[in-house]
Every structure is written in structure tokens, then in C-alpha cells.
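Undergrad: First the structure, then my questions, so here it is.
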Amino acid sequence: MEFVEAGINIAKEAGTMLLNHIDKPIKIDQKESEFDLVTEWDKKIEEYIVKEIKEAFPDHIVVGEEGFNNNFKSVSLSNLINENEHVWVIDPIDGTNNYIHGLPGYTISIAKFQKGEIRAGVVYSPDNNELFSAEKGRGAYLNGTKINVSKKERLEESIIATGIPSNIEIHRKNVLNQINMIGTKCRNIRIYGSAALHCAYTAAGRLEAYWEPGLNIWDIAAGVLIATEAGGMVSELDGSPFAIDFDTFLVSNGGVGHQIIRVLE
Ligand code: LIP
């Protein structure tokens, strides 16, 4: 309980900081390419979250998208997460492009692992004050009310989300081909621009599934727990089990996920 509560309080405060600056000029830098951006607020929010976690739990390890503990050198990220008792994995702004463009749908994502297992997860969407949370074995919640994945079983009645990766050569081309295959079989496709939000919306039964290749663990760790605690299923796109060093990612309400795997085979 103390981990999810800490995550909720930190995410809410971070969300308020983001809302207070959304209409002000912000400094933007490139990461790998001009399609892959980071703002001063990604860095400031990460610093804030790391400081709060370290103050509350001084012996815990924190890994953040924007670089905190993010140069794994000799130890891979999955080893780091699997071999340590307490590891937090955070994305200060998932959906940075939405934040830069003044669009809704950016989120703060905070996950707490214990020896490689995701035990607590929080995804906060500040612009509409929606907070999704879960603790292992205790269900998933939206603003304190229990949520469940949808019961739809046919692609034809399903809204499926995907994401457009910043890596053009491999991942973006794959997704565009996959949209061709899935998009002709489902009710419609959505792209909100935040992996964490897509997982949370699947957990809440708003989407039937979400897939994307080329993500990082900080994009989806909290969302994975929230979705599975809501009754959802996570795997790779070929149906193989989800692991911390995953390559492709699929979260669904279960039934629709199996159909997506078959369509993409
Ligand atoms: C982004 C995602 C987005 C996805 C991009 C990227 P960032 O994360 O959540 O949905 O399509 O591949 O990873 O960079 O905004 O934290």
C-alpha cells in the first residue's frame, strides 16, 4: 500500500507542475533524431520524482527515461530490475510530443518492481485529472473506482490503439504495415500518443487492445500492472510472454489480443 500511495502523491504533484507550465515557452532538445524529443519539463519532473522516491525510500533504485540510472554499462536494465529487491521505473512525461504541442494525453508513469515483478503502478493524466493505479493482487482503479477490461471478443466491435515510434527505419514502417492489417478488421484505430495512457484505457475497457513495437520498459511498466490487474493480457506481438527486455508489445482484454496475434502472424 505504501508504494502505490507514494506513487499516487508524487504523480499528482508532478501533474500539477506540468499543468502550470503547459502554455509557457519550453526548452526542447533532440535525443536520437528530430522525431525523438525531450523538454526541460521531462528532465525537471524526473528530478522531482527521483528526489521524492529517494527521500521516502533511500535504499531503493530509481531508473528514469531521461537518464537517471539509465546508463546500465555492464549491467543490463533487465538484470538491474530482476536482481534488485526494490526498483522504481519512471517516465516523467509519456507522450512528450502531446505536451510540446499543447495536446491532451500526456501522462506520468511510475512503476515499482520487487525482484523483477511489478508490484505497484500509477499512470496519471493531468489534463483531465484521471489517475489509474494498481497494486499486485488488489485490482486496478481509476480515481479510486475499480476498473475492468472490456468483454468484447470480436475485432469488428473493437477499438484498437497503436503508437507511432520515433525510430523511422524499423519500427515506424512496421507499425504502418500493421495498421493496414488490423485497421481493415476492427471497428477503428486510435493513436493518442502515450503508451501508458493506451494501457490504462485498455484496463478501463475504453480500448480493447493496444500494440506497439520499439517501446521501453518505462513507457509501459505501470500500464502493464494496471491492465493485468483489470483482467487484461500482455504479451509480445507473436504471443510470446511479456518480459522486461521485451521487443514488441501487445496489451488487450484477452480475447481480442489472440485475434490480433493471428492477424499479424
Ligand atoms: C512515447 C510513447 C508513444 C510512443 C512513442 C514514445 P515518450 O514515449 O509513449 O506512445 O508511440 O514510441 O515511446 O518519448 O513520449 O516518453
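Undergrad: Given a 1.4 angstrom probe, what's the average accessible area per residue across region 23-118, in square angstrom?
TA: On the way: 4650 Å² over 96 residues.
On a per-residue basis, region 23-118 sits at 48 Å².
Undergrad: Residue-wise, which Karplus ³J(HN,Hα) couplings in Hz belong to region 230-235, taking 6.51 cos²θ - 1.76 cosθ + 1.60, θ = phi - 60°, and x for glycine or proline?
TA: After applying 6.51 cos²θ - 1.76 cosθ + 1.60, I find 8, x, x, 10, 10, 6 Hz.
Undergrad: Please compute the length gained on full extension between Glu153 and Asn180, using 0.36 nm multiplied by the number of residues separating them and subtracting their Cα-Cα distance.
TA: Fully extending the segment from Glu153 to Asn180 adds 7.7 nm.
Undergrad: Return the equivalent ellipsoid semi-axes of the chain as a descending list in whole Å, where each equals the square root of 5 times an eigenvalue of the C-alpha gyration tensor.
TA: 27, 21, 19
Undergrad: Could you work out Rg/(2.2 N^0.38 Å) for region 1-70, with Rg from alpha carbons only? Don't jump to the answer; show the numbers that get you there.
TA: Values: Rg = 13.6 Å, N = 70, 2.2 N^0.38 = 11.1 Å.
Relative to the rule-of-thumb radius for its length, region 1-70 sits at 1.23.
Undergrad: Now for a separate question. Over the chain, with every protein chain in place, what whole percent of the accessible area is carbon and sulfur at 1.4 Å, could you tell me?
TA: Taking all protein chains in place, the chain shows 47 percent carbon and sulfur surface.
Undergrad: Kindly identify region 176-219 as rounded, prolate or oblate by the Cα gyration tensor criterion: order the square roots of the eigenvalues as a ≥ b ≥ c, call it rounded if a/c is under 1.5, otherwise compare a/b with b/c, prolate if a/b is larger, else oblate. Don't jump to the answer; show the numbers that get you there.
TA: Values: a/c = 2.54, a/b = 1.26, b/c = 2.02.
Oblate.
Undergrad: May I ask you to give the average projected area over all directions of the convex hull of the Cα atoms of region 161-265, in nm² rounded to one decimal?
TA: Values: hull surface 22.9 nm².
Result: 5.7 nm².
Undergrad: For helix 173-183, report the angle its Cα long axis makes with the longest principal axis of the Cα atoms of the chain; keep it between 0 and 90° and round to the nearest 10°.
TA: Between the helix axis and the principal axis of the chain, the angle is about 50 degrees.
Undergrad: Please identify, among Ser78, Ser133, Ser125, the residue showing maximal mean-square fluctuation in a Gaussian network model of the chain using a 10 angstrom Cα cutoff.
TA: Most flexible of the set in this elastic network: Ser78.
Undergrad: Using the structure shown, select from Lys24/Lys44; Lys152/Lys173; Lys27/Lys173; Lys12/Lys112; Lys51/Lys112 the pairs with a Cα to Cα distance greater than 19 angstrom.
TA: Lys152/Lys173; Lys27/Lys173
Undergrad: Taking the chain as a Gaussian network, where each spring joins two C-alpha atoms under 10 Å apart, which residue of Glu66, Glu46, Glu83 fluctuates the most?
TA: Glu83
Undergrad: A follow-up question, please. Using Cα atoms only, what is the angle between the long axis of helix 255-264 and the major principal axis of the chain, expressed in degrees (0 to 90) to the nearest 10?
TA: Approximately 80 degrees, to the nearest ten.
Undergrad: From the phi of every residue in region 242-254, what ³J(HN,Hα) in whole Hz does the Karplus formula 6.51 cos²θ - 1.76 cosθ + 1.60 yield, where θ is phi - 60° and glycine or proline is x?
TA: Computed from phi, the couplings for region 242-254 are 6, 9, 4, 9, 4, 10, 10, 9, 9, 10, 7, 7, x Hz.
Undergrad: A further question follows. First select every other residue whose beta carbon is under 12 angstrom from the beta carbon of Tyr124; then total the charges, Lys and Arg +1, Asp and Glu -1.
TA: Cβ neighbours under 12 Å give a net charge of -4.
Undergrad: Something else: Return the calculated 222 nm mean residue ellipticity for the chain, to the nearest 500 deg cm²/dmol, obtained by summing -39500 (n - 2.57) across DSSP H runs with n ≥ 4 and dividing by the residue count.
TA: The helix-only estimate for the chain comes to -10500 deg cm²/dmol at 222 nm.
Undergrad: Between Asp29 and Ser78, with labels modelled 7 Å along Cα→Cβ, what's the label distance in nm to one decimal, could you check?
TA: 2.9
Undergrad: Could you give the angle, 0 to 90 degrees to the nearest 10, between helix 217-229's Cα long axis and the longest principal axis of the Cα atoms of the chain?
TA: Rounded to the nearest ten degrees, it is 60.
Undergrad: Once you charge only the Cβ atoms, +1 for Lys and Arg and -1 for Asp and Glu, what is the size of the charge dipole of region 173-265 about its Cα centre, to the nearest 20 debye?
TA: 460
Undergrad: Moving to a separate point now. For region 3-8, take each phi angle, set θ = phi - 60°, evaluate the Karplus expression 6.51 cos²θ - 1.76 cosθ + 1.60, and give the result in whole Hz per residue in order, putting x for glycine and proline.
TA: Per residue, the Karplus-derived 3J(HN,Hα) values read 6, 5, 5, 4, x, 4 Hz.
Undergrad: Let me ask another. Given the C-alpha atoms of region 40-179, compute the convex hull and give its volume per residue in Å³.
TA: That works out to 169 Å³ per residue.
Undergrad: Quick check for you: with a 1.4 Å probe and neighbouring chains kept, what is the accessible area per residue of region 142-192, in Å²?
TA: Here the residues of region 142-192 average 61 Å² of exposed surface.
The values are calculated or read from the model by the stated rules, or taken from the named source; none is laboratory data. In this text, all values refer to a predicted model and were calculated from it rather than measured experimentally. Cβ sites come from the backbone with ideal geometry, for glycine too, and all protein chains shown count toward neighbours. Please note that ligands, DNA and RNA were not included when accessible areas were found on the heavy atoms of the full protein model with its side chains. Shrake-Rupley method; radii C 1.70, N 1.55, O 1.52, S 1.80 Å.
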